[in-house]
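The structure under discussion appears below in the form of structure tokens.
Where a number appears in this text, it was derived from the coordinates with a stated rule and is not lab data. Please read all numbers here as calculations on a predicted model, not as lab measurements. Every residue, glycine among them, receives a Cβ derived from its backbone with ideal geometry; neighbour counts consider all protein chains shown.
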Amino acid sequence: MQSALDPAGPEAEDVATLFYVMLVGGAAIWVGVVGTLFYATRVRREPHSERTAGWVILLCGAVGPVFILGALLTYAVWLLPNMRPWTAPGEEGGLRQIEVTGEQFWWRVRYLDASGGVLLETANEIIMPVGERVLFSLNAPDVIHSFWIPSLGGKMDVIPGRINRIALEASKAGVYRGVCAEFCGASHALMAFTVEVLEAEAFDAWLQQRLAADGSSGADGLGLFLRHGCGACHTIAGTQADGKIGPNLTALGARGSIAAGTLPNTQDNIARFIRSPGEIKPGVHMPSFAMLPEGDVETIAAYLKGLE
Ligand code: CUA
């Protein structure tokens, strides 16, 4: 689900309300101005009618719009404090922090502990608890992206060389879609992510499970994965694969989609992506592995799909 008009959190509710208020205000101005224009074309050239027309044009064409625009501006400025990244300077320390890095063309997601250390890393999926403000720290290594979860609020630019922050809260459990909202290259449109909002208990269970994740089962697949050098770019927790360039693949099998929301997560699609990533996602940094024996690609894909 991806709609700014179907809010699932307080920040998004403000945005949706603002949209409807602006819509009504804008419609009132449009009706007033176009109505005045229409009226003006039918005024007779008589002193009496011209005087009335002057008043109508002044009220509906100028005073009315100024008054409505002033009211809309006041309302929007009044809403602004709610849209700030966090309400109090000190609140940052108390919020759960998730660091999101905009890569070309996917999202690196790191859960931080209280002292800013990395608890765990995943990619293209954000799991968060319901009813808790979460602080997202956004950065990028090369080009500008924009982090946007329409159902939860935002958006916020992701800019190389600086850390932008935005705090969001989900008030309803569910699965929401996030996107990159700033043109960033050939596969800008193929840079989505999933936000899964869980009840607090389910979230804690997920966190514990992920912290204990061990990707070492499926010996054949892991062996091939390492032998073909996949581990130089990808990490799978609990194995020797500890590459940092590409997306972390720990528990990949549990994700709903692969390649940043581009393809459904099936063994066939994983194999397809390994063989020719550039065909699925133009401009991707991962090279093609079409030269690997067919059986090896299938075994690696089956191993990755089995990681949960
Ligand atoms: Cu990343 Cu557009």
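List of remarks:
- Tally of Lys pairs whose C-alpha atoms are under 26 Å apart, taken over the chain, 8 or more apart or cross-chain: 5
- Of the residues Leu226, Gly295, Gly256, the one whose Cα sits farthest toward the positive end of the charge dipole of region 219-305, with +1 on the Cβ of Lys and Arg and -1 on the Cβ of Asp and Glu, is Gly256.
- Database remark: amide H of Asn164 closer than 5 angstrom to the amide H of Leu138, Ile159 (H placed geometrically; neighbours at sequence offset of 5 or more, or on other chains; Pro and chain starts carry no H).
- Each stretch of four or more DSSP H residues adds -39500 (n - 2.57); spread over every residue of the chain, this sum gives -11000 deg cm²/dmol at 222 nm.
- Nonlocal amide H pairs with Gly9, under 5 Å, H built at 1.01 Å: Ser171
- Three-way shape label, region 219-305, alpha-carbon gyration tensor, a/c 1.5: rounded
- The magnitude of the dipole of the chain, with charges of +1 and -1 set on the Cβ of Lys/Arg and Asp/Glu and taken from the Cα centre, is near 1180 debye.
- Karplus-derived HN-Hα couplings along region 279-287 (A = 6.51, B = -1.76, C = 1.60, θ = phi - 60°), whole Hz, x at Gly and Pro: 6, 7, 9, x, x, 5, 7, 5, x
- Considering only alpha-carbon pairs that sit under 8 angstrom and 6 or more positions apart, the relative contact order computed for region 219-305 is 30 percent.
- Between the Cα long axis of helix 294-305 and the first principal axis of the chain there is an angle of about 60°, rounded to the nearest 10.
- Overall, region 135-239 carries a charge dipole of about 260 debye about its Cα centre when +1 sits on the Cβ of Lys and Arg and -1 on the Cβ of Asp and Glu, all other atoms neutral.
- Relative to the longest principal axis of the Cα atoms of the chain, helix 200-211 runs at roughly 40 degrees.
- Ordering of 62-68, 18-24 by packing [mean C-beta count within 10 Å, highest first]: 62-68, 18-24
- Relative contact order, percent, region 10-83 [alpha-carbon distance under 8 Å, six or more residues apart]: 47
- If only the Cβ of Lys and Arg carry +1 and only the Cβ of Asp and Glu carry -1, the dipole of region 37-156 around its Cα centre is close to 860 debye.
- Between amide H atoms placed 1.01 Å from N, distances below 5 Å from Gly178 occur with Phe193, Thr194, Val195, all of them 5 or more places distant or on a separate chain.
- Rounded to the nearest 0.05, the FRET efficiency derived from the C-beta distance between Asp242 and Ala114 at R0 = 30 Å is 0.80.
- Contact order normalised by residue count of the chain, Cα under 8 Å, 6+ apart, percent: 16
- Highest mean packing comes first when the peptides 165-176, 100-111 are listed by Cβ atoms within 10 Å, giving 100-111, 165-176.
- Simple rule: put +1 on each Lys or Arg Cβ and -1 on each Asp or Glu Cβ in the chain, find the dipole, and look at Ala200, Ser216, Ala71; the Cα lying farthest toward the positive end is Ala71.
- Phe183/Val56 FRET efficiency (R0 45 Å; Cβ-Cβ; nearest 0.05): 0.50
- Here the simple spin-label model places points 7 Å from the Cα toward Cβ, and for Arg45 and Ala76 these points are separated by 4.2 nm.
- Positive end of the dipole of region 89-211 (Cβ unit charges, origin at the Cα centre): among Gly116, Asn164, Val175, the Cα lying farthest that way belongs to Asn164.
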